[in-house]
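Inspection log for the structure reproduced underneath, given as structure tokens.
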Amino acid sequence: MVSILVLLASSSVVQARTAYVTDSVDLPLRSSESERSKIVKMLPNGMALTLLGDNTENGYTYVRAENGAEGFILTRYLSSTPISRTQLEAVNAKLATLQEENQRLKESAGNGENAIKERDSLSTELSELKHTSTNAIQLKQERDQLQERVISAERELEHLKRENQALTDNTNQDWFVYGGSLALLGVLLGFLLPKLSWRRRTSTWDTF
């Protein structure tokens, strides 16, 4: 009992360290430094323990379990490093973390690739829009030029129509003049020819 008190007193000045239950078997955490003492808790192999003090004379170490239970355990069953199972679990946990990080990086890379593809697609669409816009401007210019040519052609056609109408009017007027002249000539001939015939007859009678 005295040794327990001494150990407890000395544990307050000893810096807390961590040890691990070996991976051989589950070990009892006892209330005192004796195999006949009460078992406080069975410690599974690989459990991390906080070292509160040790007694090299009888081979026991005073420890605190993860759930806060305190007691004594044989020092020879403690290890300063995690057991292989714990190390494997830690490695597996780290591996899982790395795999998750790798997956996130792949997703980020995939998002980056998608962003690049989207950028390229937008660039292509922009180029097409620029080309379409250029074509639209060219088409508008060509349309305006064609419209001007149509207007000019319509003006020329209207001018030709007026000239044709003027020529037609002049032709009709000339034919009217010619017709009138011929009619007048016919009237004159109709008036003069009988007289000429009468004079010829008169001259013939005079000769007899």
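Coordinate-derived values only; no laboratory data. This one's a predicted model, so the numbers in the text were calculated from it and none came from an experiment. Positions of Cβ are generated from backbone atoms using ideal geometry, with glycine treated the same way; all protein chains shown enter the neighbour counts.
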Straight-line reach from K130: which lysines fall under 25 Å, measuring Cα to Cα and dropping same-chain residues less than 8 apart?
K117, K140
Highest to lowest packing among 69-80, 181-192, scored as the average C-beta count within 10 Å:
69-80, 181-192
Two-site label geometry, S108 and R143: point separation in nm, points 7 Å out along Cα→Cβ:
5.1 nm
